[in-house]
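A.B. asks: What follows is a single structure, and I will ask about it in a moment.
The values are calculated or read from the model by the stated rules, or taken from the named source; none is laboratory data. Given the structure is predicted, the values throughout are model-derived calculations rather than measurements. A quick note on method: Cβ atoms are made from the backbone with ideal geometry, for glycine too, and the neighbour counts reach across all protein chains shown. The area values use the complete protein model at the heavy-atom level, side chains included, leaving out ligands, DNA and RNA. Shrake-Rupley method; radii C 1.70, N 1.55, O 1.52, S 1.80 Å.
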Amino acid sequence: MNTLATTTVQEQTVSIDETRMEHVQELRAEIARADQEIVGLLARRIALVRKLGGEKERCGLATADPAREAAVLRSVAASARVAGLDEERVRELFWCVIEMSRSVQLRDSNS
């Protein structure tokens with residue numbers, strides 16, 4: 001009887017582990033969907049940046065706007081704080097987004 005009890009416990013352990021692994025896979029799939037949403041939002045932002053770059057060029061404005069960039073960084077840091085995220089890491093992330101945006105505007109204006 002001891003062997004039967006051990007087998008049953010092992011089968012339950014395997015079943016629990018499989019259930020947990022399925023949950024892990026579901027969470028990973030959900031994260032992958034969130035990642036795709038982030039990429040889609042970045043693409044939308046870059047499309048808007050391109051339009052803004054064209055307007056800036058027609059108005060004779062510079063591509064870089066340090067005051068506006070600082071305001072964006074302050075805004076996203078405040079949003080990060082409310083969301084319980086690390087403000088500095090979010091600021092770093094958005095600095096990369098701003099640099100990418102500026103690069104796209106500069107490349108478009110040189111085309």
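A.B. asks: Carbon and sulfur: what percent of the chain's accessible surface (1.4 Å probe)?
C.D. replies: Carbon and sulfur: 59 percent of the exposed surface of the chain.
A.B. asks: Could you order 26, 88 by accessible surface area, starting with the largest, using a probe radius of 1.4 Å?
C.D. replies: Ranked from most to least accessible, the order is 26, 88.
A.B. asks: Quick one: among 53, 40, 84, which has the greatest mean-square fluctuation in a GNM of the chain with alpha-carbon springs under 10 angstrom?
C.D. replies: The residue that fluctuates most here is 84.
A.B. asks: Tell me, what is the 1.4 Å probe accessible area of residue 30, in Å² to the nearest 10?
C.D. replies: My reading of the accessible area for residue 30 is about 110 Å².
A.B. asks: Please work out how much accessible surface residue 82 shows to a 1.4 Å probe, ignoring ligands, DNA and RNA, in Å² rounded to 10.
C.D. replies: Rounded to the nearest 10, the figure is 130 Å².
A.B. asks: Further question on the same structure: Kindly sort 61, 27 by accessible area of their heavy atoms, largest first, with the probe set to 1.4 Å.
C.D. replies: Heavy-atom accessible area, descending, gives 61, 27.
A.B. asks: Put a dot 7 Å past each Cα toward the Cβ at residue 111 and residue 81; how far apart are the dots in nm?
C.D. replies: Spacing of the two 7 Å Cα→Cβ label points: 3.9 nm.
A.B. asks: Now a separate question. With label points built 7 Å along Cα→Cβ from the Cα atoms of residue 46 and residue 29, find their separation and express it in nm.
C.D. replies: Result for the modelled spin labels: 2.8 nm.
A.B. asks: Would you check the accessible area of residue 59, probe 1.4 Å, heavy atoms only, in square angstrom rounded to 10?
C.D. replies: Accessible surface of residue 59 is approximately 90 Å².
A.B. asks: Can you give the relative contact order of the chain as a percent, counting alpha carbon pairs under 8 Å and 6+ residues apart?
C.D. replies: Relative contact order for the chain comes out at 27 percent.
A.B. asks: Between (i) 2, 12, 20, 22, 17, 12, 7, 4, 2, 1, 0; (ii) 2, 10, 12, 14, 13, 9, 8, 6, 5, 5, 4, 4, 3, 2, 2, 1, 0, 0; (iii) 2, 12, 20, 21, 18, 15, 8, 2, 0, which entry matches P(r) over Cα pairs in 5 Å bins from 0, in percent as derived from the coordinates of this structure?
C.D. replies: Label (ii) holds the value from this structure.
A.B. asks: Shifting gears a bit: Give me the extension gain from residue 88 to residue 18: residue separation times 0.36 nm, minus the current Cα-Cα distance, reported in nm with one decimal.
C.D. replies: Roughly 21.4 nm would be gained on extension.
A.B. asks: Report the extension gain between residue 69 and residue 39 in nm, rounded to one decimal, defined as 0.36 nm multiplied by the number of residues separating them, less their alpha carbon distance.
C.D. replies: Net length gain for the segment: 8.7 nm.
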